[in-house]
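This report concerns only the one structure given below.
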Amino acid sequence: MDIDYELLKFYVYKKIIGRRQMKAIREEYTRLKMPVERYMIAKGYCTEVTALAALGEFFCLPYCEMDMLEVDRALLGRFSLAFLRKHKLVPVSVDKNGLMLVAIARPLDFVSMSMLSQLYVGPMDFILVPAVQIDVFIDSVVAVQSTADALEDLQRGKDRALVDAAMNPGASNMISKEDDVINNPSVRLVDSIIKEAIPFRASDIHIEPFEKAVKVRYRIDGDLQIRAEFPIESYPAICARLKILSGISIAERRIPQDGRISMTINETDYDFRVSTLPTVYGEKFVIRILDKSVFGLSRTELGFTEEENAVIDRMLAHAYGIVLLTGPTGCGKSTTLYSFLREINKTTVNIITVEDPVEYTMPGINQVQVNPRADLTFANALRSILRQDPDVIMVGEIRDEDTAEIAVRAAITGHLVFSTLHTNDAPGAVTRLEDMKVQDYLVADALVGVIAQRLVKRLCPVCKKRSRTNESEMKLLGIPEPVSVFRPQGCQFCNNTGYKGRIAVHEIMYMSDSIKEAVNAGATAEELRGRAEQEGMTTLWNSCKRLVFRGITDIQELMTLYDD
């Protein structure tokens, strides 16, 4: 029996590929001597998750996500993590009859199953889980254990060299080389704190000194969650290690400083922006985590609907003008801007950016880093860029009147300009530009469109529960009769928060002739909003409300947009 061919026919049955593709695919994977599932993933016919779900159905094996399994940590401790990682196995639990449930990534990996049977004498049952999720789970176990071990060593006082050096700036040469401190507990603790944040999907790490202890908190899905706590006596060593990693002066503790760390974790490149702030009990560190892979996402993956993409296509088709993205810090404005630049990045187009900092380097684009110490501000960099024959300019943020004026004038003199503003909604961007002393007629002439963006939490798909709306919720949603909506509950899959991940909602105001006339006439933000809605603009509120009705988010998240 040809398993590969039977599986290929099953892919057709599951409508992953078309019947007409079968012959060509079979000839190709046979020529390459590859298993059909690996060939399908490599060629992009399906993802690992799609392929594994189909494999599970084909081989009559259950399939699920790793986070949905409640792993017995005592059972896990009986096996070598290196062995489990190599063979893509995770022992999950053992029932009263001695049957061990094992998560496995490869359904026909009889070698791994046989080796596992030598370590566990008893019956086993298997469940399919994506290999990448097994890797992330094992990495998280290793990171948590490493953090615990390093904390224990710190509490035993085995890190005096770094503590003394941190307390005595004149002795900073003692820790100038990382090779000299690689085995110190503080080194391992800092590395573990950073690496442990990745499988938890943290966006920021807060390391905060207090009177008797230092707390480590991760921002996950927009909320801070405490992850570790250690004695204040060991904090100088932690500070020293963080400063060495991020290129910050360890001798300076009186003023705020900024630095940067680059790491490759699980074959993914990450940038960590480090910021220090002197407090009463020592320097507080905040580390922003930047996953470079998210900058390659498409518009659809970023949450734009088909209707919104049609409006954005009109904006990007303009040869000149200014496109603004608005929203609070951390709502994904830079990620969206990079996706636009990637779309229009061609050899025939000269694209120059001025950023603070440059978060992601893109081939074929000239990127400039703002440097206030050298008087290279956004405004000064823009003036120089205009002499570099640009077609497209991206300004990281319009912060002052000079930058606003130059950006707008660049837009009306034949350049396509992208930038960001901090406003609550799309119409508010017009008012903000006017507050920066940009004349009404220049705003109307230059502005192509404004995209307001927010991130709202996704309900956990495992534990969310449906219930009817009450009277106050009906009034909030603007509906006359009760409807069923989903609400958060909390489970192991979502770390008992009720939410898993976030999704963007948008408000896109295209500058039609009618809206340009209103701007020229000095219309207020509310008047602009009313006219834009008449022309089809969906507000942030209505965008989020759609997600509530679809069961993607809940009314509580909708309420976060109420003040807007």
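The values are calculated or read from the model by the stated rules, or taken from the named source; none is laboratory data. Since this is a predicted model, take the numbers as computed values, not measurements. Glycine gets a Cβ as well: all are built from the backbone with ideal geometry, and neighbour counts include every protein chain shown. These accessible areas exclude ligands, DNA and RNA; they are computed on the full protein's heavy atoms, side chains included. Shrake-Rupley method; radii C 1.70, N 1.55, O 1.52, S 1.80 Å.
Considering only residues that are out of contact with any strand residue (DSSP E or B) (no Cβ under 7 Å at 6 or more places or on another chain) and either of a type in the set (D, E, K, R) or crowded, with 18+ Cβ neighbours inside 10 Å (or both), which ones fall in the range 504-514?
The one that is out of contact with any strand residue (DSSP E or B) (no Cβ under 7 Å at 6 or more places or on another chain) and either of a type in the set (D, E, K, R) or crowded, with 18+ Cβ neighbours inside 10 Å (or both): D513.
Pick from the range 79-131 the residues that are among the basic types (K, R) and open to solvent by 60 Å² or more (accessible area, probe 1.4 Å): which of them is modelled with the lowest pLDDT? So the residue we want is R106.
Of all residues in the range 62-71, those that are within 18 Å of D95 (Cβ to Cβ) and either surrounded by 15 or more Cβ atoms within 10 Å (Cβ to Cβ) or touching a Cys at 6+ places or on another chain (Cβ under 9 Å) (or both) total 4. If you go through the range 343-364, how many residues are out of contact with any Phe, Trp or Tyr (no Cβ under 8 Å at 6 or more places or on another chain), open to solvent by 20 Å² or more (accessible area, probe 1.4 Å) and not β-branched (V, I, T)? Looking only at that region, the number is 7. Of the helices (runs of 4 or more DSSP H) that lie entirely inside the range 1-107, those containing 2 or more residues that are within 23 Å of V462 (Cα to Cα) span 48-58. Just one of the listed residues (M537, M559) is farther than 25 Å from E306 by Cβ and out of contact with any Gly (no Cβ under 9 Å at 6 or more places or on another chain), namely M559. Pairing residues of the range 487-498 that are in contact (Cβ under 8 Å) with a residue 24 or more places away in the chain and more than 17 Å from F137 (Cα to Cα) with residues that are in a strand (DSSP E or B) and of a type in the set (S, T, N, Q), at Cβ distances under 6 Å and at least 6 apart in sequence or on separate chains, gives R487/S467. If the condition is being touching a Phe, Trp or Tyr at 6+ places or on another chain (Cβ under 7 Å) and either in a strand (DSSP E or B) or without any contact (Cβ under 8 Å) to a residue 40 or more places away in the chain (or both), then the range 188-203 contributes only A202. Annotation: of all residues in the range 263-283 being among the polar types (S, T, N, Q) and modelled with pLDDT of 90 or more, the one that is nearest to P209 (Cα to Cα) is T279.
Scanning the range 52-97 for residues that are within 21 Å of A42 (Cα to Cα), in contact with a helix residue (DSSP H, G or I) (Cβ under 7 Å, 6 or more places away or on another chain) and of a type in the set (D, E, K, R) yields a single hit, K88. In summary, no strands (runs of 3 or more DSSP E) completely within the range 371-478 bear 2 or more residues that are on the phi > 0 side of the Ramachandran plot.
Of all residues in the range 193-219, those satisfying the criterion of being at pLDDT below 90, charged (D, E, K, R) and farther than 30 Å from E65 by Cα are E211, K212.
Kindly indicate whether any position in the range 287-303 is farther than 27 Å from R399 by Cα and among the charged types (D, E, K, R). Checked against the condition, which is being farther than 27 Å from R399 by Cα and among the charged types (D, E, K, R), the range 287-303 yields at least one hit. Remark: pairs (first residue in the range 104-133, in contact (Cβ under 8 Å) with a residue 40 or more places away in the chain and within 28 Å of T47 (Cα to Cα); second residue in a helix (DSSP H, G or I) and of a type in the set (F, W, Y); Cβ separation under 9 Å; 6+ apart in sequence or on different chains) = P107/F58; V129/F137. Among (1) open to solvent by 60 Å² or more (accessible area, probe 1.4 Å); (2) at pLDDT below 85; (3) touching a helix residue (DSSP H, G or I) at 6+ places or on another chain (Cβ under 9 Å); (4) not small (G, A, S), where does C46 come up short? Among (1) open to solvent by 60 Å² or more (accessible area, probe 1.4 Å); (2) at pLDDT below 85; (3) touching a helix residue (DSSP H, G or I) at 6+ places or on another chain (Cβ under 9 Å); (4) not small (G, A, S), C46 violates only (1).
Determine if the range 523-530 includes at least one residue that is open to solvent by 40 Å² or more (accessible area, probe 1.4 Å) and of a type in the set (S, T, N, Q).
Among the residues of the range 523-530, at least one is open to solvent by 40 Å² or more (accessible area, probe 1.4 Å) and of a type in the set (S, T, N, Q), which makes the answer yes.
Of everything in the range 204-252 that is surrounded by fewer than 19 Cβ atoms within 10 Å (Cβ to Cβ) and among the polar types (S, T, N, Q), the residue that is nearest to the chain's Cα centre (by Cα) is Q225.
Residues in the range 29-43 that are over 35 Å from the mean Cα position of the chain (by Cα) and surrounded by fewer than 14 Cβ atoms within 10 Å (Cβ to Cβ): 3 in all. All conditions in (1) of a type outside the set (A, V, I, L, M); (2) over 26 Å from the mean Cα position of the chain (by Cα); (3) at positive phi hold for K88, with the sole exception of (2). Identify all residues within the range 293-304 that are touching a strand residue (DSSP E or B) at 6+ places or on another chain (Cβ under 8 Å) and buried (at least 16 other Cβ atoms within 10 Å of the Cβ); write none if there are none. Once the filter is applied, which keeps residues that are touching a strand residue (DSSP E or B) at 6+ places or on another chain (Cβ under 8 Å) and buried (at least 16 other Cβ atoms within 10 Å of the Cβ), the range 293-304 yields L302, G303, F304.
In the range 313-334, the qualifying residues are those that are among the hydrophobic types (A, V, I, L, M, F, W, C) and in a loop (DSSP other than H, G, I, E, B), and the one that is modelled with the lowest pLDDT is C331.
Per-residue answers, yes or no, for (1) more than 28 Å from M124 (Cβ to Cβ); (2) aliphatic (A, V, I, L, M):
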| position | (1), (2) |
| --- | --- |
| V12 | yes, yes |
| I17 | yes, yes |
| Q21 | yes, no |
| V36 | no, yes |
| A53 | no, yes |
| L69 | no, yes |
| R73 | no, no |
| G77 | no, no |
